[in-house]
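What follows is a single structure, written as structure tokens, with notes after it.
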Amino acid sequence: MYKYERYLHKSQHLSKEEFEQLAQLYYSNVKHSILIEKFDIDVSSGNLYKCFPPQKSDTECPYCKVNLVNLPISKAQSRSDHRKTVCLSCDHEYENNKCSCGGCTERKNEEAHKKKIAEQHKSESILDFLKKTRKTPVHLKDLTLRDRLYLAALLKTHLSGDLKIIKPVFEYRQALAPTREYTIEMLKYLSHHGAIQLSERAHMQYSLEDNKLRYDPLHSYYDFNVISNESSKMAIIKSLLHPTPLEVHEVEDGYKLWLEIALHESMQYLKLLLEQCGLIRLALGIINEKTSIEISTYLEHFSTSQLFKILWSIANNAAAQKQKYNKSISADALINNITKYCNRAIENNWEIGGYSRTYHNKQTIVSSILFDQILKIGENGFIQKASRDYLEKNIENVGAACQKK
């Protein structure tokens with residue numbers, strides 16, 4: 001039924017020409033009271049427009065297969081062209097996602113049912129895939145130095161209070177690792193070796209395509225997957241949270257981890273410097289494989305602290321060049337400047353002082369655990385150049401100190 005039927009009856013005495021004249025005057029801002037008196041219509045001022053007859057449209061109702069009509073609109077609505085197009089048979093409203101007519105309600109119910117079935121099928125498929133690909137638990141005694149470092153950092157910051165699940169790493173305010181890339185690398189490494197595995201919790205965030213599970217490592221939940229025949233789960237976690245110091249046979253692995261942390265701390269510092277200098281676009285693309293190769297080369301000659309000073313100089317020169325010429329240098333040019341500076345410093349045997357960590361570039365969890373708990377060299381991991389010999393001598397010194405006690 002037409003929603004303005006009772007108002008239309010009040011103006012049925014008007015001819016077509018009179019309706020046209022009334023509409024013209026109404027939308028020309030003539031006072032409603034004058035029009036009501038002139039055309040003898042028994043209606044309030046606010047409802048006058050409802051007395052206009054609906055206009056047939058060219059759009060067909062998808063359910064009744066009859067032409068829709070354009071309802072009359074008020075003067076205020078005409079300014080925003082807020083016109084409703086409806087079906088007089090079923091009350092369907094054209095291009096209204098909230099239409100509650102019978103046809104739309106039935107369609108929405110069908111879509112909701114199909115969506116529920118699809119989500120249920122997706123859930124079952126993903127859970128089945130997770131069960132089929134579940135890895136055998138890793139024994140505590142088989143963990144490598146890298147395993148122990150990554151697990152210590154992850155458990156320290158993201159293990160749930162009931163020890164059952166590892167929460168998404170993005171939820172913690174203190175950074176797990178220097179760069180986003182290194183954080184993902186840590187998670188993928190532990191997942192690949194079976195020390196952690198994707199949890200069924202929040203599994204609907206995953207997608208399964210061509211028998212391959214796709215997910216965001218930083219936003220996923222993980223199950224802890226380390227066991228021991230001699231220790232309880234609590235004892236295992238306790239031992240991992242307090243990793244044993246580096247041993248002689250682990251020096252090579254410790255040296256590699258030292259270089260990795262130094263590399264990612266340097267790249268993050270460079271990114272931070274560029275952002276502070278206003279070189280935002282350059283900062284967004286600077287952490288890549290090419291930058292990694294170049295910086296890792298010079299960490300064989302400089303400590304992280306020394307490299308911080310070099311990077312500070314290069315970044316500030318880039319900012320000065322932008323201010324002078326109103327043009328940013330490219331990432332390749334910036335890396336080339338770092339290479340030139342470092343090569344000159346090496347060839348001329350320059351004495352390069354070091355820079356400290358800044359408030360915006362605090363030491364991360366994985367760095368702290370490596371240098372303080374495993375390598376036992378503390379801040380020297382930052383101010384000393386990475387060295388196998390240094391680690392070997394430090395092991396001797398730590399051992400001698402323990403014997404004296």
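Quick notes
- Ala319 falls short of the stated requirement of being under 14 Å from Lys271 (Cα atoms), touching a Gly at 6+ places or on another chain (Cβ under 6 Å) and either surrounded by 14 or more Cβ atoms within 10 Å (Cβ to Cβ) or not small (Gly, Ala, Ser) (or both).
- Count of residues meeting criterion [touching a residue at least 40 places away in the same chain (Cβ under 8 Å) and either farther than 23 Å from Lys188 by Cβ or touching a His at 6+ places or on another chain (Cβ under 9 Å) (or both)] in the range 120-142: 8
Here's the yes/no breakdown for (1) over 23 Å from the mean Cα position of the chain (by Cα); (2) more than 30 Å from Gln384 (Cβ to Cβ); (3) not hydrophobic (A, V, I, L, M, F, W, C):
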position: Glu209; (1), (2), (3): no, yes, yes
position: Leu213; (1), (2), (3): no, yes, no
position: Leu218; (1), (2), (3): no, yes, no
position: Asp223; (1), (2), (3): no, yes, yes
position: Ser232; (1), (2), (3): yes, yes, yes
position: Leu257; (1), (2), (3): yes, no, no
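- Qualifying positions in the range 264-299 - modelled with pLDDT under 90, outside any helix (DSSP H, G or I) and either hydrophobic (A, V, I, L, M, F, W, C) or closer than 19 Å to Arg180 by Cβ (or both): Cys277, Leu279, Ile286, Ile287, Asn288
- Tally, over the range 38-47, of residues that are at pLDDT 90 or above and not in a loop (DSSP other than H, G, I, E, B): 1
- Residue within the range 151-160 that is touching a residue at least 24 places away in the same chain (Cβ under 8 Å), under 25 Å from Asp372 (Cα atoms), surrounded by 17 or more Cβ atoms within 10 Å (Cβ to Cβ) and within 20 Å of the chain's Cα centre (by Cα) present: yes
- For Leu68, the conditions (1) over 30 Å from Ile41 (Cβ atoms); (2) not in a loop (DSSP other than H, G, I, E, B) are fulfilled apart from (1).
- Residue check for Tyr269: of a type in the set (Phe, Trp, Tyr) and without any contact (Cβ under 8 Å) to a residue 60 or more places away in the chain: no
- Phe302 passes every criterion in (1) in contact (Cβ under 8 Å) with a residue 12 or more places away in the chain; (2) over 18 Å from Gln268 (Cα atoms); (3) part of a loop (DSSP other than H, G, I, E, B); (4) of a type in the set (A, V, I, L, M, F, W, C) apart from (2).
The values are calculated or read from the model by the stated rules, or taken from the named source; none is laboratory data. Note that the structure is predicted; figures quoted are calculated from it, not measured. Cβ: placed from backbone, ideal geometry, glycine included. Neighbour counts: every protein chain shown.
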